[in-house]
Every structure is written in structure tokens, then in C-alpha cells.
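The values are calculated or read from the model by the stated rules, or taken from the named source; none is laboratory data. This is a predicted model, so every value here is computed, not measured. All Cβ positions, glycine included, derive from the backbone under ideal geometry; neighbour counts span all protein chains shown.
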Amino acid sequence: MPSNEQRREAAKRKLERQLANRAERARKRRIFGVVGTVAGVVLVVGLIYWLANRSGDDTIDPAASTAPTTEPAPDQVATPANIPTELAAVPKRPTALPAKATCAYPVEEGKPASKPAQAPPTDNVSAEGTIAATIGMSVGDVKITLDRALAPCTVNSFVSLAKQGYFNDTTCHRLTTEGIQVLQCGDPTAKGSGGPGYSFDDEVFPEIKYGRGILAMANAGKNPQTNKGTNGSQFFIVYGNAELPPNYTVFGTVEAESLKKIDEIAKTGTVSQGAPGDGSPKNPVAIKTVTVA
């Protein structure tokens, strides 16, 4: 049997162990509390940062989500990696138009003409045959063929503006070298927003495809108020690839030999503005005259 002294010593050691265990548990609780507090702060900060950035993403144009994450330097010059040499097939309407067309060229409210111009005649517009024309550029003459059977109202407008001297002494403001390969002209302001003060509807059909040598109208989509097209004076020459939906009126073609002049423009490059390979030509391209045979 243990003596009283032994029992007291045993009780004392047990109490000391209990106190030590209790102190160790308290120390661990303090450590866990500090860690938990730090983790909570980190979590809250991270959550605030995520929410802030998420709200910014919601304002981004969906179309921009496919663009590169970094914009090129304003003075970055982009040149085409390759320019196809084969001419594209000229689109043909599945059903021919009547011999005469009636066109409409309503005034664009709030968009005055960038250069004095009169709207063309609207009645008895021919939808047959072709017209030869020459765009006298600073790089040389570019010969084109306007096709009334494809787009009579567009050809009617282009010929009218050419005869009025509307395109004379203007600058081709846009050159693209990636994705689509086009040279865009016809805006006297050289800013991409100018026009003749009137607009007209698209003359498109599902079978339209774009490629080297195609001459087509640039537009700003459908007018939300009238649901009509927004064609004016701006047009583009496809010198290479152009995977586009059939939303742009094809009204003619560019001669094969003349396309070599456009190739030289493209090879000097475009000064990218926003998207790579899309901007103004590095070497300015001027239209001196447009003459119609």
C-alpha cells in the first residue's frame, strides 16, 4: 500500500501534468486563432480583388474576348505573312434581277456629307451590263469593273460620286493584313466615319463569298431605326483572304495586274491601331481621281 507521502507526490505529479496539458492546449488555440485570422483576412482581400476584377470584365465588349490580351504599340507595323495570288470567283446571283431597278438614297439624319455630293437618280436604274472605271492612286492606276447585275443601286451611286469628283484627293484610311486582307477607301475624312450624306440598302445574297480581286462596300451594319443598310461611299478592295459573312455588297472586281499595286501597299505594312494588322497604311495611299468609261 502506498504511504500518504507517496499518494501526495502522485497527486502532485498528476496536477502538474494536467496544468501542462492545459497550457499546451491554450498555446495551440492561440496559434490556430492567429492562423485563422490571417487566413480570413487573406480570403476577404482575395474576394474583394476578385469581385472588383469580375465587375470590370462584365463591361468588356464580347467581341473583344477573342482579341489578344495585349495591344500592339501604336507605331507597330504589321505586314501580311502571305498574300494569295489566285483570283476569287465572282459571285453570281441565283436569280437574275429585273432589267431596271428602283433605288432609294435617303438622307442620313445627323450625318452631313463629308464632301459636297448629290444623291444619284433613283428610277429606271440599269441592272444589266458592266462599267469599266479607273481609280488613279498614288501607287498607279487601279482598273476595276463595276457589275450592275450584282448591285445596280451600288454601281449607280459609285458612278455618280465618281463623276462628281467625290473620291478625288482622298486617302485610303484602312489597311488590314491579318484575318482579312483589304484596303478600304472612299472616306474624305480618312477617319472611317465619313460619307456622302445619304445611305442606301444592302444588295446582298447568301451565296456571296469574298476573296482576292473582289470590290465591295463597307458599312456600319443595319440602321436600328429603319432596319436598312448603311452603305455610303466607303468601299474596300480584297487583295487576299477575307472570311466574311455575306453582309457586304459586292459591286465589282479589280483587274489582276492592278492587284499587284495593292500587294505592294500591303507589303509596306499597316500601322496597327488596336487590333494587330489593322490600321492605316504605313505609306499613305491617296486617290487622285476616279474616272468612269
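Taking the criterion of being surrounded by 12 or more Cβ atoms within 10 Å (Cβ to Cβ) and over 13 Å from residue 200 (Cα atoms), the residues of region 91-111 that qualify are 91, 92, 93, 97, 99, 100, 101, 111.
Inside region 149-173, residues that are of a type in the set (Gly, Ala, Ser) and buried (at least 22 other Cβ atoms within 10 Å of the Cβ) make up a count of 2. Screening 104, 119, 190, 96 for residues that are within 23 Å of the chain's Cα centre (by Cα), among the aliphatic types (A, V, I, L, M) and in a loop (DSSP other than H, G, I, E, B) leaves exactly one candidate, 190.
Consider residue 207 carefully, then state whether it is in the same structural domain as residue 82 (by TED's automatic domain parsing), exposed (fewer than 14 other Cβ atoms within 10 Å of the Cβ), outside any loop (DSSP other than H, G, I, E, B) and at pLDDT 95 or above. For residue 207, the condition - in the same structural domain as residue 82 (by TED's automatic domain parsing), exposed (fewer than 14 other Cβ atoms within 10 Å of the Cβ), outside any loop (DSSP other than H, G, I, E, B) and at pLDDT 95 or above - is not met. Scanning region 117-148 for residues that are closer than 22 Å to residue 198 by Cα, loosely packed, with under 13 Cβ neighbours inside 10 Å and free of Cβ contacts under 8 Å to residues at least 24 places away in the same chain returns a single hit, 123.
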